[in-house]
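Report on the structure given below.
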Amino acid sequence: MAATGVSKEVNVGELDGRTAIVTGGATLIGRGVVSALRTAGASVAVADIDEEGGRSLGDEVLFRPTDIRADAEIAALVDETVSRFGGIDILVNLACSYVDEGFGSPREDWLESLNVNVASAVMMARAVHPHMQNRGGGACAAPDRLGRTTDPAPGRRAGR
Ligand SMILES: NC(=O)c1ccc[n+]([C@@H]2O[C@H](COP(=O)([O-])OP(=O)(O)OC[C@H]3O[C@@H](n4cnc5c(N)ncnc54)[C@H](O)[C@@H]3O)[C@@H](O)[C@H]2O)c1
């Protein structure tokens, strides 16, 4: 059954019992993804540096201020998510940096952009990987940057 106000592809209850982490979940696109996951029945944790936006997601969403450029902050978020929800099935990497002057960008802008948009997304995937393996599988999505949704471990699918 499609939920009112969200994509027709969201099926209510399809992700019951699953847990998702959404990076960059505090702003517009991220909030839409969080809402869709919640509608589908998933428990959701959000990693973002936007504390005001993150806290406004409400008590049912686990928000922890997290700079995904910092491995210790990623680890703390993952630990808290597992502690509260019991595991991790889905990672949606949406946090991004638009520091970009195109061809005119200096090296530090390229490195910052690659750090947030690529390296940190991979570090997130590495951090959740053992927890997805514990569940028998999972799904990582990085729309528009790292390619298509991938299964970090074969077997049970958490959703796409
Ligand atoms: N805007 C578009 O038209 C568009 C189109 C296709 C895909 N996308 C993808 O959707 C995603 C979100 O795009 P958007 O336009 O909503 O971006 P946005 O800039 O509005 O949101 C990015 C979020 O990432 C957070 N963030 C930035 N650096 C962070 C860090 N170091 N640690 C944790 N959080 C951090 C920001 O606080 C913000 O909440 C991106 O992955 C983008 O590639 C966007």
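Readers should treat all values here as calculations from the given coordinates under stated rules, not as data from a laboratory. For clarity, every value in this text was computed on a predicted model and none was experimentally measured. Glycine also receives a Cβ, built like all others from the backbone with ideal geometry; neighbour counts cover every protein chain displayed.
See the values below:
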quantity: Relative contact order %, the range 19-141, counting alpha carbon pairs below 8 Å whose residues are six or more apart; calculated: 26 percent
quantity: Ranking of 48, 67 by count of other Cβ atoms within 10 Å, fewest first; calculated: 67, 48
quantity: Residue order, fewest to most beta carbons within 10 Å, for 12, 61; calculated: 12, 61
quantity: Relative intensity, log₁₀ I(q)/I(0), of the range 19-141 from a Debye sum that treats every alpha carbon as a point, q = 0.19 Å⁻¹; calculated: -0.97
quantity: Distant-in-sequence amide H partners of residue 64 (H built 1.01 Å from N, under 5 Å); calculated: 46, 48
quantity: Relative exposure of 99, 34, judged by other C-beta atoms within 10 Å (fewest first); calculated: 99, 34
